[in-house]
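The values are calculated or read from the model by the stated rules, or taken from the named source; none is laboratory data. All values reported here derive from a predicted model rather than from experimental measurement. Heads up, the Cβs are rebuilt from the backbone with ideal geometry, glycines too, and the neighbour counts pull from every protein chain shown.
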Amino acid sequence: MPVRALSRHPDRTPDLGPHVEPVYGDVERPETIASALTGVERVLLCANSEDLTAREAEVVRLAEEASVRHLVLLSSLGVELGAGSGPVHAPSERMLQASSLPWTILRPITYMTNTLRWRHSIAATGTFEEPSGDGRQAMIHPADIGSVAAHVLTTPGHEARTYELTGPEALTSAEYAAKLSAALGREVRHVNIGEEVYRQRFASYGAPPSFVDSLMTLYALVRDGRLDMVSPDVENLLGRTGRTFDEWAHANAGAFGIGG
């Protein structure tokens with residue numbers, strides 16, 4: 001199907017094939033979104049901005065004006081739990097649901113790619129630190145989020161639906177470390193650290209206090225076992241199980257700068 005792909009730097013976009021049209025678009029400049037929506041029937045809204053709620057609201061308004069037939073919002077599983085990026089996405093969900101647009105909301109759990117934040121520590125010490133205890137969560141492969149989005153955008157029956165997206169297995173941080181060990185060819189260990197130490201570390205990076213608070217809430221939910229779940233939505237939508245962390249780790253071992 002013909003796809004129009006927005007980018008702040010379309011001139012740097014790699015060749016995405018004959019059916020993909022890279023165009024300039026920036027949520028910080030709404031006029032660029034308005035022009036890009038001309039002739040578009042369906043939209044996947046996957047935005048990033050310091051003022052995300054306001055920017056997503058503007059895209060929804062422009063999509064209404066452009067008579068878009070279906071808008072799919074990439075949100076977060078943390079919306080209902082008030083954790084992670086959930087508090088940022090929650091107002092956008094409510095705003096979309098109140099609009100005149102046919103909508104679908106995708107709520108993925110933590111992405112497998114988030115483990116790349118461990119790479120410097122793993123390369124230096126063979127360890128990564130986070131306050132997750134023995135709690136489990138089923139991280140999701142980003143490609144499965146993309147597959148679900150494509151399916152929802154191109155098949156009927158998804159309007160006014162919210163899908164929770166997880167990976168196929170809920171693992172502890174120690175188990176994620178073991179799988180990384182196998183993929184990287186060297187031992188990787190998880191070191192459980194106190195919440196306050198982790199909080200101070202993120203604050204030292206200049207992270208907004210609200211972000212740090214929601215991140216700590218996320219780890220508390222992991223420790224308490226409230227994210228120890230596997231949603232059936234990926235399998236029900238795609239007709240197959242989601243990709244495993246083993247698959248992701250072996251395919252991306254080189255991104256850690258070691259092994260693989």
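Do we have R199 as at pLDDT 95 or above and of a type outside the set (A, V, I, L, M) here?
Judged against the criteria, R199 is not a match.
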Could you check region 1-44 and list, in sequence order, the residues that are touching a residue at least 40 places away in the same chain (Cβ under 8 Å) and within 20 Å of L62 (Cβ to Cβ)? R42, L44
Check on A34, small (G, A, S), under 29 Å from L221 (Cβ atoms), touching a helix residue (DSSP H, G or I) at 6+ places or on another chain (Cβ under 6 Å) and surrounded by 13 or more Cβ atoms within 10 Å (Cβ to Cβ): no
Applying the selection to region 221-242, what residues are farther than 10 Å from T166 by Cα and without any contact (Cβ under 8 Å) to a residue 60 or more places away in the chain? N236, G239, R240
Would you kindly identify the strands (runs of 3 or more DSSP E) lying entirely within region 4-118 that contain at least 3 residues that are within 19 Å of T162 (Cα to Cα) and in contact with a Leu (Cβ under 9 Å, 6 or more places away or on another chain)? 42-45, 70-74, 103-108
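Out of V88, V79, report the one residue that is buried (at least 17 other Cβ atoms within 10 Å of the Cβ), within 25 Å of V230 (Cβ to Cβ), in contact with a His (Cβ under 7 Å, 6 or more places away or on another chain) and not small (G, A, S).
Every option except V79 fails the conditions.
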Of the residues in region 120-154, those that are part of a helix (DSSP H, G or I) and under 19 Å from V197 (Cα atoms) come to H120, S121, I122, T125
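Rundown of residues vs (1) modelled with pLDDT under 95; (2) loosely packed, with under 14 Cβ neighbours inside 10 Å, yes/no style:
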| site | (1), (2) |
| --- | --- |
| S204 | yes, yes |
| P208 | yes, yes |
| M216 | yes, no |
| V222 | no, no |
| D228 | no, no |
| L238 | no, no |
| E247 | no, no |
| A253 | no, no |
| G257 | yes, yes |
Could you tell me whether any residue of region 171-181 is loosely packed, with under 15 Cβ neighbours inside 10 Å and charged (D, E, K, R)? no
Subset of region 108-162 (residues that are surrounded by fewer than 18 Cβ atoms within 10 Å (Cβ to Cβ), among the β-branched types (V, I, T) and more than 25 Å from R186 (Cα to Cα)): T154, T155, T162
